[in-house]
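Note sheet for the following structure.
Read-outs: derived from the displayed coordinates by stated rules, not from any lab. Bear in mind the structure is a predicted one, so any value in this text is a computation, not a measurement. Cβ coordinates were reconstructed from backbone atoms using ideal geometry, including for glycine residues, and neighbour counts include every protein chain displayed.
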Amino acid sequence: MAPVPLRGTALLRTAILTACTAASAAAQVTYTAAELSRGGHVLRRMQHGASVFDLPNVLANSTTSQATNIINFILAKTSTTPINAGAEANTLLGYYPFPIPVGLSDPAAVGYVPQTGSVGWRIHELSEAAIVRAVWSEDTLREVMTRFWQEHFNTNWGVARNYLRNMFLAQGYANADTLAQEYATYFEWQQNDRFRMNALGNFRALLGASAKGVPMMIYLDTVISQGPKPNENYARELFELHTMSPRSPLPTPLGAAWLPNYDYSDILAAAEIFSGWTLVNTSTPPAAPNIQFSFLPTVCPTGTNPNITGHVTTCPTPGAKTLFTAPYLNPFVGATPPIPENPSGPTEGDLLLDHLANSPATAYFISTKLYRLFIKDVEPDPFDPLLLSCVNMWSTQPGGNIQAVVQTLLASNEFLNDTTIRWANERQPIEAVAQTVDIFHGIGVNPLGGSAAEHKARIARVRTLIEEYGGQYLFRYGPPDGFTRGDSELLTTYRMLGATKLRQELYTLFGAFTTNYPSIYFDYLTHLTFVNWLDEWSIINWFHFVAFNNELSGGDQTLQWLFLATDLNGNFGNTLTTDFLNNLPVFIQRVTTGLAYIASHPLNNLK
Amino acid sequence: MQQPNRFDRRAALKAGVAGSLAAALVRTSFGASPAWMAGSPHKLLTIFLRGGYDANSAVIPHGDPTYTSVNRRSTFIPQANSIAINGLNPLSMGLNPALAPIAPLVNAATPRMVFLHATGNIARTGSHFDDQRTWDTATTQCSIPPLFDIEEGWITRVVSEIFGVGFHAASVSESMQQMYRTRLRPNNTFTASRVVPHIRALRDYPNDAVSQFTLDTIFPTLDNKLVGNAAPPSGLRALFSGGAGKDAFARAVGSQMLESAEAVAQFVPTPYLPLGGALYPFGKPQTPPNPYPTPANAGLLWDIELIRRFFMNLRDAMALLRHVPDVNVAGIELGGFDTHSNQGGWNTTTNQIEGQLAGLLNAVAFGIASVDAEASAGAFGPNGSITVLVVSEFGRTSAANTSEGTDHGAASCVWVGNFGTGATRVRTSLTSGAVFNTAATEWPGLFSANDQTFGCPGNPSAPPPHQFMKIATDFRAVYARILRTLYSATPAQIDQVIPGYSSLTGTTAVEPAFIV
């Protein structure tokens, strides 16, 4: 039997328009396919896992279909005070012990949530709360940016736990293990919420929250770095990963010359500058610990060590330090002003952070990372005009204006109109989850149904799926550059296998859930009945609509049609179209299998 | 028309009923091996120690006058407590006690394992990411953008430029190692043959980890039609073909996923049965009882989960190398070597080796001893062997810091072993025995990184003060020697794998004769 010619485009268009209309009481607006495609793209990049079901919701709240209005709509929510994740997310977050921000209170401020309030806090639940936000928060762009900063300033809960456990044991706490787990969770929460608060704010604030945060001070050894030969770990990663990156381009008649931004001498100087930053417990057992930042200037002998042949010691040189002065460094960076030794007021480290946050090299590096996050995840041209615009916008605020940089990217012609970059960035596992759950949400699965215990169990299962099949352990990444990004890392055979399996498990998880409430299959039928489709065409196009906003090729559509048009033995001529309800079991199996089929599609790994 | 039942076909293949058909299918699906590689009985296992391990705490230069307890602080290991290296040993080199499992391989009458000390990257920057990329890609990275993270690996080039299309190599690791990565170029083009599988057990199935990498695991409920046939493409196989740009790349990866999963299902037995009493600890079943950890070395364990996964990946790599016909190269890795603090050393109070570094080294040594046990029992046939190559992105500072760790240095130490039932192909140095570059005229000295010619142009690798050891041998010479000797690669082929290799000059480019 020859394949039946496709007639999907018109039906799909109807499907989207119907969905848009159904989701909104507003007057029906007709959108072109190009507008819908662009809107879908905007949503996918600005949210964790947007599906087309978000489109009608956003369009219903926008004055027109223009992508810029969608962006403005999302940005308006992001800049709203107080931070509001929305009713659904807040309901779900209420099942966890962590405070839900009700204003722009600094979670590190005295009295906001005391460290002693962390009793019973678990890192797994913090991960699950992050998943809830990724999937259900209405403050979508803020969550995307919060995760961006969490990975940019990566720390590891386990490292903090181990350090705190040893500290508490040494100080005589009887319950050191439990305390360490709870306090490490507390400080990861605190740091994450400070990133959330400043997600589209000022870079210097983010840098400071990281540098003086308990997780980072432990993770990169600042807490134990002392003279006369301080630990270089934080100094190096501060330059390389958090601010400038190793090198920047300098325009030359022959093109970009990539010159170093710093050298080993600068790393040694910075290590000396940060030595003395430490953490102290201002309580004594049995009183609950109270961990505070402290500065203990290093007392360091000067001179060389006569016991070391051929080795010049690195005792800090008394007096002011000036960094980034080597002649081979990129002049783009600029030497620091002399940083005095043990100044009054801000510490030496604070002064260095001030310089780094305002350095054009930092502006360039962070802008490049944001370019790759929102525009396309390939190396931009070194002097891409959009990139240089971002660098300029950085300096519109001392310390780095993040919102201006992000808005510049989102308003760009590249972002809005370059169709070649659509479906070209990779999804992380948590994004795959958000997208998949969003699909279920979109088709009527109510995330608020059931008890708190049922919800927590389900979200916990989602977390384990992300970990087991995606290898993504939130708050526990090992390398200092956070979870992997980029095609060569995320698009591998294992990642694809894991991503496929992850989605199939999610279908099972939420499918089982819906059988206890309104059956997901009943939802299918309702939806299909509503639009008066009771043939395989409707099923195919509905799948496309749900999963890909109909950007599949004709060949892929044909494949899916062939699958659904055949019976369980692969033969054509089933009776789905002629006696639909009597063949419901076959239909259900075909739908289930079809969902898995869609889950296997390579596009599912892209956004 | 009904499609053939792939499960029945596979069962038949496993039973040997259609052995010739199996070979034909493999050749058809995965492509033919090149002439220079065809039939090679020599396998290569790469082990990357991520984080830059402290080479001078593993293979210890007791004869260097600056290797002192003052410089080394708590990382110091007295000569009396290290494992002496037999034979010619001009610098009184010793092995960290945690390396005891490989000591018999090094100290055998005919050593099966040697060390290339003071080997490294002349363009070293001290960045983990820069320097790992350099070792992974066999290219120096003096002039690249900071986020240039998509360069293909040198093993990938071995596969694509020389082997051809097929399942010839695999990265068996938690993350895809860049050594095995495929590059998607900025203009969204790529070569399908460059997609090297990344394999890892989906979940922790202790009995048969790698055999979980199969279509049955992915699609347990799907029928035959969905998986489809290769020619003409149908089902998933059709889904994973075609496309353009990133979509095409994703589809090629999906296609490789199907091919490698089918190959695993066809050839890898369940459960995997190690030969020669080899053990991959923390897996099951444990018969005979697993001796690792014993009470004596339990204190060495640093991160049990990290080490457990290392052993699982090693076992799976061995399963692929032994059983999947075309797989010639596999790579595993172990992280945690970035020991900026509390690195550990010889504890004079407890009188034993302690700390994070020792725990990691002990695991690697135990694993290599298992590989030797399997190869010596004939895992690769009477004429076959396996070469184990252990590398790390850089060495560390020669004096400990005040948080009892070491920071990023330059020269490292490469380990090479060759194991099998025949004579080993490993050779010791005529001037310094089992540890190359340690004769008086060769050893650069622990604080020797004062040569401003190292590093990228205009940006010396080690401006003063000089805290670490400079490089005596370029790591690319080690790679080239392996390709030249094991696989008879021509200079042109080596230049394909290691760009610009034939134009390297100077003493660092001299290939040490560590393998024949």
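Remarks
- Distance in nm between pseudo-label sites at B:T441 and A:A34 (7 Å out along the Cβ direction from Cα): 7.5
- Kirkwood hydrodynamic radius (C-alpha pairs) into Stokes-Einstein, segment A:87-340, 20 °C and 1.002 mPa s, D in µm²/s: 105
- Relative contact order computed over segment A:87-340 (Cα-Cα under 8 Å; 6+ residues apart), in percent: 16
- Per-pair calculated FRET efficiency, R0 = 35 Å: A:A87 and A:N413 via Cβ, rounded to 0.05: 0.45
- Computed from label points 7 Å out along Cα-Cβ, the spacing between A:A335 and A:T68 is 4.6 nm.
- FRET efficiency for B:A109 and B:A509, using Cβ-Cβ distance with R0 set to 35 Å, rounded to 0.05: 0.60
- The slack in the chain from A:A76 to A:T252, taken as 0.36 nm per residue of separation less the alpha-carbon distance, amounts to 59.2 nm.
- Amide H contacts for A:R247 (H built 1.01 Å from N in the peptide plane; partners 5 or more residues away or on another chain; cut-off under 5 Å): A:N261.
- The coefficient of translational diffusion for segment A:320-372, derived via Stokes-Einstein from the alpha carbon Kirkwood radius under 20 °C and 1.002 mPa s, stands at 175 µm²/s.
- FRET efficiency, A:S294 to A:T322 (Cβ-Cβ, R0 22 Å, nearest 0.05): 0.25
- Distance between the 7 Å Cα→Cβ label points at B:H62 and A:A287: 5.3 nm.
- Dipole of segment A:87-340, positive end: most advanced residue of A:V135, A:V280, A:F295 [Cβ charges, Cα centre]: A:F295
- Other protein chain C-beta atoms within 10 Å of residue C-beta, averaged over A:224-235: 5.
- The ratio of the alpha-carbon radius of gyration of segment A:238-289 to the globular-protein estimate 2.2 N^0.38 Å is 2.00.
- Residue pairs, from the table B:K43/B:K246; A:K212/A:K321; A:K212/A:K456; A:K212/B:K246; A:K212/B:K470; A:K212/A:K607, whose Cα atoms sit over 30 Å apart: B:K43/B:K246; A:K212/A:K456; A:K212/B:K246; A:K212/B:K470; A:K212/A:K607
- Using the Stokes-Einstein relation with a Kirkwood hydrodynamic radius computed over Cα pairs, the translational diffusion coefficient of segment A:61-215 at 37 °C and a viscosity of 0.692 mPa s comes to 198 µm²/s.
- Within 10 Å of each Cβ in A:267-274, the average number of Cβ atoms from other chains: 1
- Rounded to whole numbers, the Karplus 3J(HN,Hα) couplings from phi for segment A:336-349 are 6, x, x, 9, x, 7, 6, x, 7, x, x, 6, 3, x Hz, using 6.51 cos²θ - 1.76 cosθ + 1.60 with θ = phi - 60°, and x at Gly and Pro.
- Residues B:R200, A:R461, ranked from the fewest to the most other C-beta atoms within 10 Å, line up as A:R461, B:R200.
- The HN-Hα couplings worked out from phi for segment B:418-425 by the Karplus form 6.51 cos²θ - 1.76 cosθ + 1.60 (θ = phi - 60°) are 9, 10, x, 7, x, 5, 5, 9 Hz, whole numbers, x standing for Gly and Pro.
- Take the Cα of B:L275, go 7 Å toward its beta carbon, and the backbone nitrogen atoms of segment B:322-350 under 19 Å from that spot belong to B:322-330.
- For A:K229, the aspartates and glutamates whose Cα comes closer than 20 Å to its Cα, not counting residues fewer than 8 places off in the same chain, are A:D221, A:E237, A:D263, A:D266, A:E272, A:E341, A:E348, B:D54, B:D338, B:E404, B:D407.
- Take A:105-117, A:404-416 and order them by the average number of nearby Cβ atoms within 10 Å per residue, most first; the result is A:404-416, A:105-117.
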